[in-house]
Amino acid sequence: MSFENGLAKRTGETKNGLNEGVWTWYHSNGKIQLKGNFVSGKREGVWQTFDSTGQIRSESTYIKNRLNGKMILFSEQGDTISEKIFSEDQIIK
């Protein structure tokens, strides 16, 4: 799947019809928009989002497709705006 300019919209592998391993989504300018890992079609591990300039905007941790652990939001300059702790998709701190 590609943008009209020919650049990829996303890259990643599938196994038995499910997303597997590292997947990356891109902005139309080719910069990474979202990056994370799948295990048997479920989000697992650290996921990151980026703005169209390539600056990180968030980082979250998933276990079996649910938010578990820290979610950090970053400013346009890369400074931490907020940190929250999740357990099973629920904010606990």
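The values are calculated or read from the model by the stated rules, or taken from the named source; none is laboratory data. Bear in mind the structure is a predicted one, so any value in this text is a computation, not a measurement. Methodologically, a virtual Cβ is constructed for each residue, glycine included, from the backbone with ideal geometry; neighbour enumeration extends over all protein chains shown. Please note that ligands, DNA and RNA were not included when accessible areas were found on the heavy atoms of the full protein model with its side chains. Shrake-Rupley method; radii C 1.70, N 1.55, O 1.52, S 1.80 Å.
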* Asked: What are the ³J(HN,Hα) values, in whole Hz, obtained from phi via the Karplus relation 6.51 cos²θ - 1.76 cosθ + 1.60 with θ = phi - 60°, for each residue of region 38-52 in sequence order, with x given for Gly and Pro?
  -> 10, 10, 6, x, 10, 4, 8, x, 7, 10, 10, 10, 9, 7, 5
* **Amide H within-cut-off set for S87, under 5 Å, with H built and near neighbours excluded** => G69, I92
* Structure fact -> When the charge dipole of region 14-93 is computed with +1 on Lys and Arg Cβ and -1 on Asp and Glu Cβ about the Cα centre, the Cα farthest towards its positive end, among T24, T49, I72, belongs to T24
* Structure fact -> Taking placed amide H atoms and a strict 5 Å upper bound, the residues 5 or more places from N19 or on another chain that come that close are G41
* Considering only protein heavy atoms and a 1.4 Å probe, what is the carbon-and-sulfur percentage of the accessible area of region 1-72? -> 48 percent
* Calculated SAXS-style log₁₀ I(q)/I(0) at q = 0.19, 0.23, 0.24, 0.25 Å⁻¹ - region 4-51, Debye, Cα scatterers -> -0.60, -0.79, -0.83, -0.87
* To do: Could you list which residues have their amide H under 5 Å from that of V46, counting only those 5 or more apart in sequence or on another chain, with H placed in the peptide plane?
  => Y62
* Structure fact -> Under the Karplus relation with 6.51, -1.76 and 1.60 and θ = phi - 60°, whole-Hz ³J(HN,Hα) for region 18-30, x at Gly and Pro, equal 10, 4, 9, x, 6, 10, 9, 10, 10, 6, 5, 8, x
* In whole Hz, what ³J(HN,Hα) sequence does region 84-89 give by Karplus (6.51, -1.76, 1.60; θ = phi - 60°), x for Gly and Pro? -> 10, 10, 10, 9, 6, 6
* To do: Rounding to the nearest 20 debye, state how big the charge dipole of the chain is about its Cα centre with +1 on each Lys and Arg Cβ and -1 on each Asp and Glu Cβ.
  => 240 debye
* **Relative contact order computed over region 51-93 (Cα-Cα under 8 Å; 6+ residues apart), in percent** => 31 percent
* Structure fact -> Taking K15, K64 and ranking on accessible area (1.4 Å, protein atoms only), highest first, one gets K64, K15
* Structure fact -> With Rh as the Kirkwood radius over Cα pairs, the chain has Rg/Rh of 1.02
